[in-house]
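Student: One structure, pasted below without further comment.
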Ligand SMILES: [Zn+2]
């Protein structure tokens, strides 16, 4: 590992001595905001990213993160619900949480509800009522019969929302966007007050897999906070929660956590929490391996485009923006495909690729398709078959083997 930064305090546990281990410069400051023109996309604001790990709790932060660079509003097109794979996962997770924590006939608050699809699922499947807080919410995307069950508040979640009383508080893919992590979880705990019968449910990316797979495309600007199971549990336990379950889901890409409020800090009691030594070792390994991973992809894209092959990336989300910006590889990628109609025709921040629909591939088929998330590989292969496009699928994680 490289330099130590004793001056920086860990935003989770307050200890000093964060250690840098990864740096990438001038990457787009947002990777889900799609632009209406090529010029807007290529002149999108950029920032530098430097990951550092806390040796006390295993938390990882972008220590160069600048909040003022991160815009977030209606044009934030984060939804993955257009994918059957993702929709099935979301439905299964909603049903799992309803069954495990008896979320039926309850009042559910979702902090950072995005477009509101998941909250709608919880309300439909468990006959619940919902409150969704998110500045990017678009209530009209939710079917009218479910919309009646949900109060949408198009704002950032703040201390002012503590007045919202709920039996279940759910927060998915939000904590990784928050730099003051302990401040956020402390505020959440205070908002619950004296109630003990509240269930808190979180979902967020697991950095363990990112480190072990050297998945540099999963590190992007708007994610300023990166958790392992252990560092997440330690944060909640210190903030007077008992962590009752942590699990890995979605091909080990995400962590889900369930917690209940207590009167003080709680000791670890789940096997999965004891990961600090492993995390520090994973960080060292990532620091050693990522230059090769980046070099292999640079060389591979150079060979393919040099040999006249058209390479397409499938999935115009954060991974795609990060992958292109980190290499960088704008000229060697022929196009970027996405099944979300709200993304098609728009332009990717950074490289400025125009997002095309799968149907567009019929007239201009690629030779190689790289799924930006391997969990969609089967779905993508089926779609290519349907379109009559015989492109080779190349996994992001494959560092060996020719093409
Ligand atoms: Zn820490």
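The values are calculated or read from the model by the stated rules, or taken from the named source; none is laboratory data. Bear in mind the structure is a predicted one, so any value in this text is a computation, not a measurement. Using ideal geometry, Cβ is built from the backbone for each residue, glycine included, and neighbour counts are taken over all protein chains shown.
Student: Of all residues in region 36-55 being away from the ligand (no atom under 16 Å from the Cβ) and buried (at least 19 other Cβ atoms within 10 Å of the Cβ), which is nearest to residue 346 (Cα to Cα)?
Tutor: Ranking the qualifying residues of region 36-55, first place goes to 41.
Student: Under 22 Å from the mean Cα position of the chain (by Cα) and crowded, with 21+ Cβ neighbours inside 10 Å: is that true of residue 293 in this structure?
Tutor: Considered against the rule, which asks whether it is under 22 Å from the mean Cα position of the chain (by Cα) and crowded, with 21+ Cβ neighbours inside 10 Å, residue 293 comes out as no.
Student: All but one of (1) surrounded by fewer than 16 Cβ atoms within 10 Å (Cβ to Cβ); (2) more than 24 Å from residue 261 (Cβ to Cβ) hold for residue 142, so report the exception by its number.
Tutor: Residue 142 satisfies all of (1) surrounded by fewer than 16 Cβ atoms within 10 Å (Cβ to Cβ); (2) more than 24 Å from residue 261 (Cβ to Cβ) except (1).
Student: I need the full set of residues from region 56-73 which are surrounded by fewer than 19 Cβ atoms within 10 Å (Cβ to Cβ) and within 10 Å of the ligand (Cβ to nearest atom), in order please.
Tutor: 56
Student: Here is a follow-up. Is it fair to say residue 168 is buried (at least 19 other Cβ atoms within 10 Å of the Cβ) and modelled with pLDDT under 90?
Tutor: no
Student: Residue 20 is checked against (1) farther than 17 Å from residue 205 by Cβ; (2) more than 16 Å from the ligand (Cβ to nearest atom) and fails just one. What number does that condition carry?
Tutor: Residue 20 satisfies all of (1) farther than 17 Å from residue 205 by Cβ; (2) more than 16 Å from the ligand (Cβ to nearest atom) except (2).
Student: How many residues does region 18-47 hold that are in a strand (DSSP E or B), modelled with pLDDT under 95 and within 19 Å of residue 322 (Cα to Cα)?
Tutor: Going through region 18-47 one residue at a time, the tally reaches 9.
Student: Here's another thing I want to ask about it. For region 128-246, which helices (runs of 4 or more DSSP H) that fit wholly inside it have 3 or more residues that are more than 24 Å from residue 115 (Cα to Cα) and within 16 Å of the ligand (Cβ to nearest atom)?
Tutor: Result: 181-192, 229-238.
Student: Name every residue in region 328-366 that is assigned to a loop (DSSP other than H, G, I, E, B) and surrounded by fewer than 18 Cβ atoms within 10 Å (Cβ to Cβ), in order of residue number.
Tutor: Within region 328-366, 328, 341, 342, 345, 357, 363, 364, 365 meet the criteria.
Student: In the list 212, 195, which residue meets the criterion of being touching a residue at least 24 places away in the same chain (Cβ under 8 Å), out of contact with any helix residue (DSSP H, G or I) (no Cβ under 8 Å at 6 or more places or on another chain) and surrounded by fewer than 23 Cβ atoms within 10 Å (Cβ to Cβ)?
Tutor: Criteria check complete, one pass: 195.
Student: Please indicate, with yes or no, whether at least one residue in region 310-326 is over 22 Å from residue 29 (Cα atoms) and surrounded by fewer than 19 Cβ atoms within 10 Å (Cβ to Cβ).
Tutor: yes
Student: Tell me, which residue of region 58-79 that is assigned to a loop (DSSP other than H, G, I, E, B) and under 13 Å from residue 112 (Cα atoms) is modelled with the lowest pLDDT?
Tutor: We begin by selecting, within region 58-79, every residue assigned to a loop (DSSP other than H, G, I, E, B); these are 58-59, 63-66, 70-75, 77-79.
With the extra rule that they be under 13 Å from residue 112 (Cα atoms), the set shrinks to 72-74, 78-79.
Values: 72: 53, 73: 46, 74: 43, 78: 53, 79: 54.
The residue in question is 74.
Student: Name every residue in region 260-283 that is touching a residue at least 60 places away in the same chain (Cβ under 8 Å), under 19 Å from residue 175 (Cβ atoms) and touching a strand residue (DSSP E or B) at 6+ places or on another chain (Cβ under 8 Å), in order of residue number.
Tutor: Hits for region 260-283 are 260, 261, 279.
Student: Hey, another quick one. For region 1-14, which residues satisfy the criterion of being at pLDDT 90 or above and surrounded by 14 or more Cβ atoms within 10 Å (Cβ to Cβ)?
Tutor: Those that are at pLDDT 90 or above and surrounded by 14 or more Cβ atoms within 10 Å (Cβ to Cβ): 9, 10, 11, 12, 13.
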